[in-house]
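Please read the structure below before turning to the comments.
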Amino acid sequence: MDCDILIIGAGPAGLSAAIYAGRAGFQTIMLEKIGSGGQMMLTDKIDNYPGFPEGIAGFDLQNKMLLQAKKFGAKLVYAEVSEIKKTSEGFSVVLSDGKVMTAGSVIVAVGASHRTLGVPGETELANKGVSYCGTCDGPFFRAKKTVVVGGGDSALTEAIFIAKFAKEVTIVHRRDRFRAVHSLIKQVEATANIKTKMNATVEEICGTDSVTGVVLKDTVSGEKTDFETDGVFIFTGLLPATTFLPAEILDGQKYIVTNEKMETAIAGLYAAGDARSGAFRQVICAASDGATAANYAGEWLEAQRGNAYGK
Ligand code: NAP
C-alpha cells in the first residue's frame, strides 16, 4: 500500500484534507496535475477567508496551506489520475503514465476548470488576447481596452483586478442583472474605468495575430455590433474535472454526489470542494469539506482495519 489516504487534487479542499489526515497520523499523499493551490492561484486577493482582515494573496494562502500539510507529513506528488478502482484492500489509482498507486481510502478534491464560450476566434486567439485568468494576464493589458465576459463573482472580481492596469474594462453579460454578490456589484459601480454592457453576448472574437475586437449581439433586439478591444477575459463558470470518475458517483452535471460526511456511493471514496454537487464554491467551504472528508475517511479506514476509534 502506497499510503493510507490518497488525496487527488491539492487545492484548498485537498490541502485541508491533507492537513487533517496527516495530523491524525495517517500516511497521506496528495496527487496534483500542475501545481498546488487550485483556483486560489488564479485569484489576486482573497478577502473573505477568516483570519486575514486585510485579505491575502491566493498564492500566499496556498503556500501556507501546503507548508502546513507538509508539516504534518503529507507528501505532494505530481501526477494525473486516469482511473480509480475499488479493490479488496482499498483502492488502486491508475495514473496517466500507466503507473498504479494503492491506498486504503481516496479523497477526490479535483475542483473545476473554466468553461469556454465556444465562439469563432476563441481557440485561435488563446494567449493572443483571449485569457481565462485576470490575475495572470491582467498586467499585460496596461493602458489597453479589455472585455470581460460573464456576470458571476469571478467575472466581477477579475474585472476589478484588470481595471488596475487597463485603460477600460467592459463587462459583457448576457442578462440584465449580475449573478455576483452585491458587494462586488457595488465595487464595479464605483470603479470609473469599468463599463457594463448588459443583455449582450460575444458572438465572435476578431483578430489575426492578436485580438482586435469582438462582435457583440444584443440579446433583446438581436442587433450585432463591432466592438474594439485588445483583450477578452472569459469567466463563464466552471466545469467539474471529473471525467475519470465512475458515473455512479456523479450527478447529471458531472459533479460528485456526497452526503454530509463527504462519502460518495462507493465506500471508502470521499469527495471535497468545488467538484462536489451542491457545493458553495468558496475557499472556506472547500477547506471545510476537506477536513470533513479526512475525518470520515480516517474513521472508515480504522473501522476497516478493526481498530475503530474509541477502542
Ligand atoms: P458562475 O457563478 O457560474 O457565473 C458564471 C457567469 O457566466 C454567469 O453570470 C453566467 O450567466 C455567465 N455565463 C455562463 N455561460 C455563459 C455563456 N455561454 N455566455 C455568456 N455568459 C455565460 O461562475 P463563477 O463566477 O466562475 O463562480 C464559480 C463559483 O466560484 C461560484 O460559486 C462563485 O460564488 C465562486 N467564486 C467566489 C468568489 C468570491 O467569493 N470572491 C470569487 C470567484 C468565484 P447567468 O448569470 O446568466 O447564468
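The values are calculated or read from the model by the stated rules, or taken from the named source; none is laboratory data. Given the structure is predicted, the values throughout are model-derived calculations rather than measurements. Positions of Cβ are backbone-derived with ideal geometry, glycine not excepted, and every protein chain shown enters the neighbour counts. Remember, those area values only see protein heavy atoms, side chains included, never the ligands or the DNA or RNA. Shrake-Rupley method; radii C 1.70, N 1.55, O 1.52, S 1.80 Å.
Based on DSSP H assignment, which helices of the chain show an axial Cα extent of at least 18 Å together with a mean Kyte-Doolittle hydropathy greater than or equal to -0.5?
Both cut-offs are met by 283-304.
Which of the trypsin sites (Lys or Arg not before Pro) across the stretch 172-244 are loop residues per DSSP, with 10 or fewer other Cβ within 10 Å?
Here the trypsin sites (Lys or Arg not before Pro) that fit, given the DSSP loop and packing criteria, are Arg177.
For the chain, which whole percent of the accessible surface, found with a 1.4 angstrom probe, sits on carbon and sulfur atoms?
The nonpolar share, carbon plus sulfur, comes to 49 percent.
Give me the accessible area per residue for the stretch 57-203, probe 1.4 Å, as a whole number in Å².
51
Going by Cα centres, the stretch 94-141 and the stretch 229-260 are how many Å apart?
Result: 11 Å between the Cα centres.
Can you tell me, using C-alpha contacts under 8 Å and at least 6 residues apart, the relative contact order of the stretch 81-176 as a whole percent?
Details: 109 pairs, mean separation 17.2, N = 96.
The value is 18 percent.
Loop only by DSSP, 15 or fewer other Cβ within 10 Å of the Cβ. Give me the GluC sites (Glu not before Pro) in the stretch 53-157 that pass, ordered by residue number.
Here the sparse-neighbourhood loop sites are Glu54, Glu80, Glu89, Glu124.
Provide the per-residue ³J(HN,Hα) series for the stretch 240-247, in order, calculated from phi with Karplus coefficients 6.51, -1.76, 1.60 and θ = phi - 60°, each as a whole number of Hz, with x at glycine and proline positions.
Working through the residues one at a time gives x, 8, 10, 4, 8, 9, x, 4 Hz.
Please identify, among Ala159, Ala24, Ala190, the residue showing maximal mean-square fluctuation in a Gaussian network model of the chain using a 10 angstrom Cα cutoff.
Judging by the Gaussian network model, the answer is Ala190.
Nothing charged except the Cβ atoms of Lys and Arg (+1) and of Asp and Glu (-1): what's the magnitude of the dipole of the stretch 1-106 about its Cα centre? Round to the nearest 20 debye.
Values: 10 positive and 11 negative charges, 48 e Å.
Charge dipole of the stretch 1-106: 220 debye, to the nearest 20.
By the scheme Lys and Arg +1, Asp and Glu -1, what is the net charge of all other residues having a beta-carbon under 12 Å from that of Thr135?
-1
Phe52 to Thr102: extension gain in nm, 0.36 nm per residue of separation minus the Cα-Cα distance?
14.2 nm
What does the charge add up to near Thr292, with Lys and Arg as +1, Asp and Glu as -1, over the other residues with Cβ less than 9 Å from its Cβ?
Computed value for this residue: -1.
Relative contact order of the chain, please, whole-number percent, based on alpha carbon pairs below 8 angstrom and at least 6 residues apart. Mind showing how you got there, number by number?
Numbers: 733 pairs, mean separation 64.1, N = 311.
Relative CO of the chain lands at 21 percent.
Using amide H atoms built in the peptide plane, which far-off residues or other-chain residues are under 5 Å from Val257 H to H?
Those lying under 5 Å, H to H, from Val257 are Leu250, Asp251, Ser277.
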